[in-house]
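J.: Just dropping this structure here.
The numbers here are math on the coordinates, done by the rules we state, and not lab data. Computed from a prediction, not measured in an experiment: that's the story for all the values here. Reconstructed Cβ throughout: ideal geometry from the backbone, glycine too, with neighbour counts over all protein chains shown.
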Amino acid sequence: MMGVSALLIILGFLLMLGGSSTGDQFNPDIFSTRRIVVGPTIAFIGFVAMGIAIIYRPKNKTQE
């Protein structure tokens, strides 16, 4: 579970990557939905899932 959560966090940060605006040229892609909404949402879900993965304790099935 922790591995999947880490992949979600990395994916969210990768979706937020991209070129920036310079002093000479404005890049309108900095306001795209992928960078403002989708990337942070996936990263947030990954952080929440990581917290759940740390707390989660699998059921112990022992036979007596």
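J.: Please return the longest range in the chain lying between exposed loop sites, taking chymotrypsin sites (Phe, Trp or Tyr not before Pro), DSSP loop only, at most 13 other beta-carbon atoms within 10 Å, and leaving the sites out.
T.: Here the longest segment lacking exposed loop sites spans 27-55.
J.: State the answer as a single residue: which of Gly12, Phe47, Met2 lies farthest towards the positive end of the charge dipole of the chain, with beta carbon charges of +1 for Lys and Arg and -1 for Asp and Glu, about the Cα centre.
T.: Among Gly12, Phe47, Met2, the one farthest towards the positive end of the dipole of the chain is Met2.
J.: Shifting gears a bit: Where nothing but the Cβ of Lys and Arg (+1) and of Asp and Glu (-1) is charged, how large is the charge dipole of the chain around its Cα centre, in debye to the nearest 20?
T.: For this selection, approximately 340 debye.
J.: Let me ask something else. Among Thr33, Thr22, Thr41, which one shows the highest mean-square fluctuation when the chain is modelled as a Gaussian network with alpha-carbon springs under 10 Å?
T.: Result: Thr22 has the largest fluctuation of those listed.
J.: Right, next: The chain: which trypsin sites (Lys or Arg not before Pro) are DSSP loop and have at most 14 other beta-carbon atoms within 10 angstrom?
T.: Here the sparse-neighbourhood loop sites are Lys59, Lys61.
J.: On the first, second and third principal axes, largest extent first, how far apart are the outermost C-alpha atoms of the chain in Å?
T.: Result, largest extent first: 74, 14, 12 Å.
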